[in-house]
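Below: one structure, written as structure tokens.
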Amino acid sequence: MDTVLSSSSSLVVRSSLPPVRSVSTPSKLYSATFSFNPSINGLGRNRLPLLRSVSSSTVPKFSIQCGAIKEIKESEFQSTVLESKRPVLVEFVASWCGPCRLISPAMESIAQEYGDRLVVVKIDHDANPKLIEEYKVYGLPSLILFKDGQEVPESRREGAITKPKLKEYLDALLETISVA
């Protein structure tokens, strides 16, 4: 029989089944198990014991994972975006934003595919309030294309977008700025 201990209290759960889900943070461990308890008539039931109520302050924070896309901060914006020799596609995201996570694989693919013509960067909405205010980012994810230190007119795009639509959007913008 296994014993699961919660580091936040003296709670002990005994079970012959493995944990269903375990989430650990630097100072806390949460685990849920199903236990089998035979009843009087020989039938059993599954029960999920309540280990601890989770409030927003105890939920672990998740960071934005970037592969080919560089995540920048306000201090890097000037040198990375405004002084870039190539066009820069800026993606404003947040770790709590579902649509941001939804388009993340498409953005990674675009960063690799368009790497010779375009720089792609991410900016965390919560960590960079001055940029959010300056560029009036109201919806997430937001995409803005910059060329020669200026926002390309009509390049702003908000919300989730499929990879084919994203490619169509970028091809049209890149064609427009190369003609100008």
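The values are calculated or read from the model by the stated rules, or taken from the named source; none is laboratory data. None of these values were measured; they are calculated from a predicted model. With ideal geometry, Cβ positions are generated from the backbone for all residues, glycine too; neighbour counts draw on all protein chains shown. Surface accessibility is based on the protein's heavy atoms, side chains included, excluding ligands, DNA and RNA. Shrake-Rupley method; radii C 1.70, N 1.55, O 1.52, S 1.80 Å.
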_Total residues in segment 114-130, condition farther than 16 Å from ARG101 by Cα, outside any strand (DSSP E or B) and open to solvent by 10 Å² or more (accessible area, probe 1.4 Å)_ = 6
*Within segment 133-180, can you find the residues that are assigned to a helix (DSSP H, G or I), in contact (Cβ under 8 Å) with a residue 24 or more places away in the chain and either in contact with a His (Cβ under 6 Å, 6 or more places away or on another chain) or of a type in the set (D, E, K, R) (or both)?*
LYS163, LYS167
*Those residues of segment 131-148 which are surrounded by 14 or more Cβ atoms within 10 Å (Cβ to Cβ) and over 20 Å from the mean Cα position of the chain (by Cα), in sequence order*: TYR135, LEU145, PHE146, LYS147
*Can GLU151 be described as open to solvent by 20 Å² or more (accessible area, probe 1.4 Å) and touching a strand residue (DSSP E or B) at 6+ places or on another chain (Cβ under 7 Å)?*
yes
*When you look at VAL90, is it part of a strand (DSSP E or B) and of a type outside the set (Gly, Ala, Ser), yes or no?*
yes
